[in-house]
Amino acid sequence: MGMATGGHKLALHLDDGFTYPNGRRALNAIHVDLAAGEFVCVLGPTECGKATLLRIAAGIPLNLALIMERQASQKSAEILTL
């Protein structure tokens, strides 16, 4: 996996894709090169890897993202049980 950011370009290359530690495959190989000022929209069905791709591109550690999701899910469950 390589990610380079410069003043004019973002390059995101996942030659082997991404698989979570539990074995769940999130992304197949993907190569994205964006020039300054380009606008991109990521579309796809539920659980196809959109959020994982955006987290990787943003540099958010995936284990932190999973902890945040788990905490949000727990809070939602608490709200539902009130």
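Values in this text are rule-based calculations from the coordinates and carry no lab data. Every value quoted in this text rests on a predicted model; they were computed, and no experiment measured them. Here the Cβ is made from the backbone with ideal geometry for all residues, glycine too, and neighbour counts use every protein chain on show.
Among 40-47, 52-59, sorting by the average number of other beta carbon atoms lying within 10 angstrom of each residue, highest first, gives 52-59, 40-47.
Karplus-derived 3J(HN,Hα) values for segment 47-60, using 6.51 cos²θ - 1.76 cosθ + 1.60 with θ = phi - 60°, are 6, 9, x, 4, 5, 4, 4, 5, 5, 5, 4, 7, x, 7 Hz; glycine and proline are entered as x. Full extension of the chain between Ala35 and Lys50 gives 3.4 nm of extra length, using 0.36 nm per residue less the Cα-Cα distance.
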